[in-house]
Each structure stands twice: as C-alpha cells, then as structure tokens.
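Engineer: Before I ask anything, let me first share the structure, which is written out below as structure tokens.
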C-alpha cells in the first residue's frame, strides 16, 4: 500500500498544516486546521500531560467537530498559543455556531516540555505565535524536522523533530499522522544502532541515512521530566466520536513501537484523531452489530504504522540545536 502524494497529514482531504518557530527562543507552534470541521477523538497515555479541551472530545459530550488542533512547546505556557488559533479561526467565521452570527472555534491542544532550551528559560510563546502558525497553514508538502513545534524537540538525548507520514488503503481511504518527537525513551535500538521499526519504511522514505547503523548518544541534558510526544492522526473517513477515539488509542501502538520506553511518568504522550468525513467507512456483513469494525481495525492499524513512520521521519529530518546532536551527526557503528 502506497503513501499519499505528500507522505504527510495534508494527504487527508480537508486538512491544512502550518508552523511558526523562533530559533532565538528555541520554541515553536504547529497547527492542524480543519476549515470544514472534523469529528475528533483523543487518547492521553503519558502521566505528565499539558492539554486543553480534551474532556470535550469524550463521545458522551456535546460538540462533535473541532476546527483545529494546536501542538506546541512551552509546556504550560505553550497552551496559550491555542488562544491565538481560536481568535484567528473566529475571524474567518470557522467554529461552533453561536447566536448573532458568532462562532466558538473548538481548538484542542497539547504542549510539551522544552523550557530552558532557548535564550530565556520560559520562551515568549503566546497567542501571536498560534495566529502566525494559522496564517502559514496550507495544503501540500509539510515541513519536517525543526519546523514549528519540532524546533525544540529532543528524543532520548538526540535532537527530535516534527514528522509526518501517510498511507492510502485498499479501502479507498487515506490515513496520516503528524507528530512532535520529544521523548524520554530512545528512538534507536541500542543493539543495532537502527530505528526500532525500519521494516515499516514505505516508498524508500528513510533513505540511506535512515538505514545507517549509528553509535547512540550518551544521556543528554534534561533527561528527567522534560518530555512528551504529541501528535495527530487523521483520515478522510466518516467516523463517530467514539470511532475517532478508538483510532487515537490504536495510534499509540505506533508510538510505543517507535519509542522505548513510552508513556512514562515523565511523558505526557497525547494523540488526537481527526476525521474529515469525505468518504464512508465500508460495511461488512457479520454477527456483530458493529458492521464497520473490520474497516475500523484497518484504519487503526494504518494509524499506528503512520505514527511510527512519522516519528522516524521527524528524527531523520531534524538538525542539531541547543546542544543536541542530530541523527545525521552521529558516527557509524
């Protein structure tokens, strides 16, 4: 099964991605916009999350669709970037309809710990950064590595980054992922010096660098309580909120395969799912009422694989920064 045209989240129809980053402050914001709205779910597995609007996404709660997801550095301060996303969306008239022609944009968000990696311990991240990321949002290729929120990411002592990947299924549906890799665990197998899951490579996306055995870096600075991998999986399928939540859950399998250990006490690992509702989810005859279950299983499998591939691509594209070496800088084994 092939990847999509851009091998990125924007291969899902109805999705735009934008970034804003400050090299001086070593912090940034990435936004995923859904101008027509998308049914959303979320699953939080890490024990130290920094999140916003996650309770709203529970299947039993009222609002069905969101207009954006905001991913940022800045820890608790970074959640303020979502305020700028809300204001920007409201100016476009995109959001949950209110009285007098007003809207309430729904913007779930997650942030990760990168404090102390830039010029100031607390970067000046805020609403203006979120708005700038929205202004830069577009369909088409997605910048990887040090783009947006990926600028400050660190993966097990190695420079992390922002990655993306997609897959077009035989079902006629597209699944994709975008992730900011900022983890306590290692993305490399110490026994081989390779990514844990190189076998999932699609369309030679890892290149020679991704198949090169390297010497792992020693423990980097900030190896305690300065982590969290956050991301979004998306599909063009028509899903319910419960089904979107299930895809977010299954996508965590891809995180755990690519990063070891994952979901630790010092990570706030959070994955959102967006379903843009462009294509029906195939039905299958059978005993169970859930006739869509086989198709949902395949979507979940693909979401997990895309998340793993996005993690590898994000680390591959990263450039050394803030005292952390990039994968491309490591010596051969």
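The values are calculated or read from the model by the stated rules, or taken from the named source; none is laboratory data. Predicted model only: the values in this text are computed from it and were never measured. Glycine gets a Cβ as well: all are built from the backbone with ideal geometry, and neighbour counts include every protein chain shown.
Engineer: Out of all the residues in region 279-295, which are more than 20 Å from residue 59 (Cα to Cα) and either at pLDDT 90 or above or in contact with a strand residue (DSSP E or B) (Cβ under 8 Å, 6 or more places away or on another chain) (or both)? Can you show your working first?
Structural biologist: Residues of region 279-295 more than 20 Å from residue 59 (Cα to Cα): 279, 282-288, 294.
Result: 279, single match.
Engineer: Taking interchain pairs and intrachain pairs at least six residues apart, which have beta carbon atoms under 7 angstrom, with the first residue in region 128-147 and under 21 Å from residue 317 (Cβ atoms) and the second surrounded by fewer than 21 Cβ atoms within 10 Å (Cβ to Cβ) and at pLDDT 95 or above?
Structural biologist: Taking only residues 6 or more apart or on different chains, the pairs are 137/16; 138/16; 139/16; 140/6; 141/6; 142/6; 145/319; 146/319.
Engineer: Right, another one. From 274, 316, grab the single residue that is surrounded by 24 or more Cβ atoms within 10 Å (Cβ to Cβ) and either assigned to a helix (DSSP H, G or I) or touching a strand residue (DSSP E or B) at 6+ places or on another chain (Cβ under 6 Å) (or both).
Structural biologist: Working: 316 fails: surrounded by 24 or more Cβ atoms within 10 Å (Cβ to Cβ).
Selected residue: 274, the only one of 274, 316 that is surrounded by 24 or more Cβ atoms within 10 Å (Cβ to Cβ) and either assigned to a helix (DSSP H, G or I) or touching a strand residue (DSSP E or B) at 6+ places or on another chain (Cβ under 6 Å) (or both).
Engineer: Got at least one residue in region 59-82 being within 19 Å of the chain's Cα centre (by Cα), farther than 27 Å from residue 321 by Cα and in a loop (DSSP other than H, G, I, E, B)?
Structural biologist: Scanning region 59-82 turns up no residue that is within 19 Å of the chain's Cα centre (by Cα), farther than 27 Å from residue 321 by Cα and in a loop (DSSP other than H, G, I, E, B).
Engineer: Taking the stated definitions as given, is residue 106 surrounded by 20 or more Cβ atoms within 10 Å (Cβ to Cβ), in a loop (DSSP other than H, G, I, E, B) and over 18 Å from the mean Cα position of the chain (by Cα)? Can you show your working first?
Structural biologist: Numbers: surrounded by 20 or more Cβ atoms within 10 Å (Cβ to Cβ): yes; in a loop (DSSP other than H, G, I, E, B): yes; over 18 Å from the mean Cα position of the chain (by Cα): no.
Considered against the rule, which asks whether it is surrounded by 20 or more Cβ atoms within 10 Å (Cβ to Cβ), in a loop (DSSP other than H, G, I, E, B) and over 18 Å from the mean Cα position of the chain (by Cα), residue 106 comes out as no.
Engineer: Now, a different point. Can you run down the residue pairs with Cβ atoms below 6 Å, 6 or more apart or on separate chains, where the first is in region 90-113 and at positive phi and free of Cβ contacts under 8 Å to residues at least 60 places away in the same chain and the partner is assigned to a helix (DSSP H, G or I) and surrounded by 12 or more Cβ atoms within 10 Å (Cβ to Cβ)?
Structural biologist: Matching pairs, first to second residue: 95/89.
Engineer: Turning to a different aspect of this structure: Quick one: which residue in 215, 211 is more than 30 Å from residue 84 (Cβ to Cβ), without any contact (Cβ under 8 Å) to a residue 40 or more places away in the chain and in contact with a strand residue (DSSP E or B) (Cβ under 8 Å, 6 or more places away or on another chain)?
Structural biologist: 211
Engineer: Starting from residues that are out of contact with any helix residue (DSSP H, G or I) (no Cβ under 7 Å at 6 or more places or on another chain) and touching a residue at least 60 places away in the same chain (Cβ under 8 Å), keep the ones in region 62-77 and report whichever is surrounded by the fewest Cβ atoms within 10 Å (Cβ to Cβ).
Structural biologist: 66
Engineer: Also, quick follow-up: When region 246-261 is examined, which residues are found to be closer than 17 Å to residue 230 by Cβ and surrounded by 20 or more Cβ atoms within 10 Å (Cβ to Cβ)?
Structural biologist: Correct list: 247, 248, 250, 251, 252, 254, 255, 258, 259.
Engineer: Does residue 25 meet the test of being assigned to a strand (DSSP E or B) and crowded, with 20+ Cβ neighbours inside 10 Å?
Structural biologist: Answer is no for this residue.
Engineer: Can I ask one more? Out of all the residues in region 12-22, is one or more out of contact with any helix residue (DSSP H, G or I) (no Cβ under 9 Å at 6 or more places or on another chain), crowded, with 21+ Cβ neighbours inside 10 Å and assigned to a helix (DSSP H, G or I)?
Structural biologist: Just the residues of region 12-22 that are out of contact with any helix residue (DSSP H, G or I) (no Cβ under 9 Å at 6 or more places or on another chain), to begin with: 12-14.
Still in the list and also crowded, with 21+ Cβ neighbours inside 10 Å: 12.
Filter once more, so that each one left must be assigned to a helix (DSSP H, G or I): none.
Within region 12-22 (the criterion being out of contact with any helix residue (DSSP H, G or I) (no Cβ under 9 Å at 6 or more places or on another chain), crowded, with 21+ Cβ neighbours inside 10 Å and assigned to a helix (DSSP H, G or I)), the answer is no, since none of the residues qualifies.
Engineer: Scan region 111-148 residue by residue and report those that are assigned to a strand (DSSP E or B) and within 25 Å of residue 320 (Cβ to Cβ).
Structural biologist: The answer is 111, 145.
Engineer: Okay, moving on. With the structure loaded, tell me whether residue 123 is over 19 Å from residue 302 (Cβ atoms) and either at pLDDT below 95 or buried (at least 24 other Cβ atoms within 10 Å of the Cβ) (or both) or whether it fails that test. Break it down into steps so the answer makes sense when it comes.
Structural biologist: Details: over 19 Å from residue 302 (Cβ atoms): yes; either at pLDDT below 95 or buried (at least 24 other Cβ atoms within 10 Å of the Cβ) (or both): yes.
Taking the combined requirement at face value, the residue satisfies it.
Engineer: Which condition from (1) surrounded by fewer than 18 Cβ atoms within 10 Å (Cβ to Cβ); (2) at pLDDT 95 or above; (3) more than 16 Å from residue 37 (Cα to Cα) is the one that residue 99 breaks?
Structural biologist: (2)
Engineer: Still on this model: Those residues that are surrounded by 24 or more Cβ atoms within 10 Å (Cβ to Cβ) and not in a loop (DSSP other than H, G, I, E, B), I need them from region 171-187; list them, please.
Structural biologist: 174, 175, 176, 177, 178, 179, 180, listed by residue number.
Engineer: Could you tell me which numbered condition residue 199 fails, if it satisfies all but one of (1) over 26 Å from residue 6 (Cβ atoms); (2) without any contact (Cβ under 8 Å) to a residue 60 or more places away in the chain?
Structural biologist: Failed condition: (1).
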